[in-house]
Amino acid sequence: MTTVTEIIHQVPYYSQWESPELVREIIAGKLSAADDPLWGQSGAATQEEYEFWSWRLCGMACLRMALDHWWGVAPPAVTLAGECLAAGAYVRRGERLDGLIHAPFAAYVGERWGLAAESRPDLAAEDIPRLLAAGRLVMTSVHPAVRTLGPEPARRGGHLVLAVGATERELVIHNPSGFAGESQAFARVPWTDLPRFYAGRGIVLGPHGAAPADL
């Protein structure tokens with residue numbers, strides 16, 4: 001990485017599960033997501049609906065963080081997911097879900113929430129600090145294993161985290177599926193580790209009226 005001026009945006013954190021402290025148990029299979037005691041806050045009508053969506057809500061958690069940061073609101077995650085389904089940002093095929101599909105999601109965010117949103121299918125890691133310095137937040141596609149910085153996964157991407165800051169040594173993220181006290185809010189991913197997880201694409205979010213991020 002080139003020299004980075006440290007910047008960290010004070011963005012509220014939301015997990016993709018309603019009980020952030022239970023994420024480790026849910027991911028390990030020791031607790032069913034349907035048994036999350038706060039499932040009703042998600043906007044799901046049933047525990048089964050929550051179980052289905054909770055594993056797929058990383059993008060909605062990132063959106064909730066951005067909306068709370070700029071607008072002071074955080075609509076329920078499953079409610080947002082339903083809107084994204086209607087907008088074509090998700091495609092459901094029975095128990096399978098395609099998405100989050102970045103371009104229609106960016107269009108939805110702009111039309112529904114009045115934020116500047118831009119799908120960036122080719123976003124170099126070194127551009128992220130400049131976007132953050134310009135007041136943006138970046139939904140970044142990484143492998144879920146970024147939560148532990150474990151061994152190199154077989155593929156990159158598949159999970160969305162929100163880049164909220166950068167230092168010379170690290171990207172600072174809010175990870176919707178991070179572990180409590182370890183890798184949820186303001187988790188630090190060394191730039192030297194990021195390439196093992198980062199898919200090179202993301203969605204750039206900005207406040208209303210922000211110009212396109214033409215880096």
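The values are calculated or read from the model by the stated rules, or taken from the named source; none is laboratory data. Because the structure is predicted, anything quoted here is derived from the model rather than measured. All Cβ positions, even for glycine, are placed from backbone atoms using ideal geometry, and neighbour counts span all protein chains on display. The area values use the complete protein model at the heavy-atom level, side chains included, leaving out ligands, DNA and RNA. Shrake-Rupley method; radii C 1.70, N 1.55, O 1.52, S 1.80 Å.
General observations
- Whole-percent carbon and sulfur share, accessible surface of region 115-174, 1.4 Å: 45 percent
- Euclidean distance of C-alpha centroids, region 146-172 and region 37-96, integer Å: 22 Å
- Sparsely packed trypsin sites (Lys or Arg not before Pro) within region 118-215, loop by DSSP, other Cβ within 10 Å at most 11: ARG155
- In a reduced charge model with +1 at each Lys and Arg Cβ and -1 at each Asp and Glu Cβ, region 70-215 shows a dipole moment near 260 debye about its Cα centre.
- In the context of the full set of protein chains, residues of region 65-157 present 45 Å² of accessible surface per residue (probe radius 1.4 Å, heavy atoms only).
- Largest-first ordering by accessible area, 1.4 Å probe, given options THR148, THR192, THR46: THR192, THR148, THR46
- Rg/Rh for region 58-180 stands at 0.95; both radii use Cα atoms, and Rh follows the Kirkwood definition.
- Where only DSSP H runs of four or more residues are counted, the chain gives -7500 deg cm²/dmol as its mean residue ellipticity at 222 nm, each run worth -39500 (n - 2.57).
- Applying a DSSP loop filter and a limit of 16 other Cβ atoms within 10 Å to the GluC sites (Glu not before Pro) in region 107-199 leaves GLU168, GLU182.
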